[in-house]
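To start, the structure itself, in structure tokens.
What follows draws every value from the coordinates through simple rules; no lab data is involved. Since the structure is predicted, the reported quantities are computational estimates derived from the model, not experimental observations. All Cβ positions, even for glycine, are placed from backbone atoms using ideal geometry, and neighbour counts span all protein chains on display.
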Amino acid sequence: MDPLTLLTIISSLASIAQGVSAQQAAKTESEAEKAQAAVALAEGKEKAEQTKVEGEQFKASQALAYLASGVNLEGAPLGTLMETQNKIEQETDAILKRAQSQYSLDINKANALENKGTAALLGSVASGATTASKLLF
């Protein structure tokens with residue numbers, strides 16, 4: 001085998017190896033991004049649950065304060081308790097929506113990384129094939 005042919009083959013293989021390496025690196029980074037997304041979502045759910053518990057405790061203390069003052073839980077006091085419940089639900093929902101949005105963003109970023117790795121692999125294979133075809137034609 002002449003040296004030019006050997007060099008061409010080595011160059012083609014090196015190009016493909018670079019693409020494989022880039023794809024593996026992108027896959028590793030993508031997996032880390034997906035893991036981070038799952039952690040962020042779990043933390044958001046935990047924060048929402050904590051907010052709900054704290055809100056319910058506050059609402060219970062409101063009710064006890066009314067009752068300790070001799071006020072029945074109807075009319076305006078009941079309206080206050082209902083408003084507190086609505087605010088608890090709104091805040092909890094907002095926390096969950098933020099966590100879910102961040103999760104979606106992180107997953108999209110992970111998918112983009114995977115696509116970038118695949119493109120690098122395909123590009124390197126095409127480059128290697130082009131280099132090899134020059135030898136043959």
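Could you work out the helix-only [θ] at 222 nm for the chain, with each DSSP H run of four or more residues adding -39,500 (n - 2.57) and the total divided by the number of residues, to the nearest 500 deg cm²/dmol?
For the chain, the value works out to -35000 deg cm²/dmol.
Quick one: plug the Kirkwood hydrodynamic radius of region 3-136 (C-alpha pairs) into Stokes-Einstein at 20 °C, 1.002 mPa s, and report D in µm²/s. Walk me through the numbers before you get to the answer.
Values: Rh = 19.5 Å.
The estimated diffusion coefficient comes to 110 µm²/s.
Please get the size of the charge dipole for the chain, origin at its Cα centre, with Cβ charges of +1 on Lys and Arg and -1 on Asp and Glu, quoted in debye to the nearest 20.
Details: 12 positive and 16 negative charges, 100 e Å.
Magnitude of the dipole: close to 480 debye.
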Can you tell me the 0 to 90 degree angle between the C-alpha axis of helix 76-136 and the longest principal axis of the chain, rounded to 10?
0
As I understand it, the dipole of the chain uses +1 on the Cβ of Lys and Arg and -1 on the Cβ of Asp and Glu, about the Cα centre. Which of Ser104, Ser61, Leu81 lies farthest toward its positive end?
Ser104
So how tilted is helix 3-68 from the main axis of the chain? Cα-based, degrees 0 to 90, rounded to 10.
0
